[in-house]
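What follows is one structure encoded as structure tokens, with my remarks underneath.
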Protein chains: 2
Amino acid sequence: MGTALLLMAHGSRNAEANDDLRRLADEIRADGEYVAVEASFLELAEPSIPDGGRKCVSLGADRVVLAPYFLSAGVHFRRDLQAIRDELAAEFPGVVFTLAEPMGRHPLLREIVLQRAREATNQSS
Amino acid sequence: MGTALLLMAHGSRNAEANDDLRRLADEIRADGEYVAVEASFLELAEPSIPDGGRKCVSLGADRVVLAPYFLSAGVHFRRDLQAIRDELAAEFPGVVFTLAEPMGRHPLLREIVLQRAREATNQSS
């Protein structure tokens, strides 16, 4: 028993973008903080978010944090993710499923943008 | 003369998401590191990326860093951004336009996801 982390991205036709999330899941899994860490996708890539949730449960989680890998989540989008959370909670009554906030507005995003800008300036100077 | 930062997002039908980028531009502008800091959008919101670039030039920039506010940029997407950069460079031969890397794979993204997950766990416990 323990907490699992289910990373959720939109999914892309660009395999490289999907692999970025899988790589992130691998890295966090290696930390050992979570009993399971799975990458999942709303569309265009596998596994789906519900399948990712099921895998977390099969790996022994009694709590699953659904973490959006999105800069911002519109109303439409939050509703979709909330509905998936609710379906998983209904399917596994003994497991707590919690939806985390998207990454948007986190102060560290500003640091990332500024670092990328500085890298570009240094390369071209 | 100096360097401007042109933040570029996809643009969303969700006004809140677009405002997130404008707020980020405001914050970075307040730092005073750049001669101009503008938010711009590929579609669905204003200003467009070319118009944002023109504004940077009108504000006195002789160098503009185009910084994608994206977690990952697929092949299709990089090509679009590169084409916009090239058009701006042709329109303003005296200004250097440099395209920065997207935010994806930056190590701080992992920290943000983990913090969001911990916030969710603390709220529900």
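Readers should treat all values here as calculations from the given coordinates under stated rules, not as data from a laboratory. What you see is a predicted model, and the numbers here were worked out from it, not measured in a lab. A quick note on method: Cβ atoms are made from the backbone with ideal geometry, for glycine too, and the neighbour counts reach across all protein chains shown.
Points worth noting:
- Two-site label geometry, A:Val96 and A:Met1: point separation in nm, points 7 Å out along Cα→Cβ: 1.1 nm
- Residue-wise HN-Hα couplings along the stretch A:3-19, as the Karplus relation 6.51 cos²θ - 1.76 cosθ + 1.60 with θ = phi - 60° gives them from phi, are 9, 10, 10, 10, 7, 10, 10, 5, x, 9, 6, 8, 4, 4, 5, 5, 5 Hz; Gly and Pro carry x.
- Convex hull projection area averaged over all views, the protein assembly as shown, Cα basis, nm²: 13.3 nm²
- Take every pair of alpha-carbon atoms less than 8 Å apart whose residues are at least six positions apart; their mean separation over the length of chain A yields a relative contact order of 26 percent.
- Other-copy label distances relative to A:Glu33, 7 angstrom Cα-Cβ extension, nm: 2.5
- The C-alpha atoms of chain A define a longest principal axis, and helix A:107-124 lies at about 40 degrees to it.
- Residues with amide H under 5 Å from that of A:Leu42, placed H, sequence gap 5 or more: A:Ala9, A:His10, A:Gly11
- Once the C-beta distance of A:Arg105 and B:Asp86 is scaled by a Förster radius of 41 Å, the resulting FRET efficiency is 0.80 to the nearest 0.05.
- Label distances, nm, B:Leu108 versus same residue in remaining copies, Cβ-directed 7 Å point: 0.9
- Among residues of chain A, the one whose beta-carbon sits closest to the A-to-B rotation axis is listed with its distance in Å as A:Leu108, 2.
- Size of the stretch A:13-125 as Cα extents on the principal axes (Å, biggest first): 58, 33, 28
- Label 7 Å beyond Cα on the Cβ vector: A:Asp80 copy-to-copy distances, nm: 1.6
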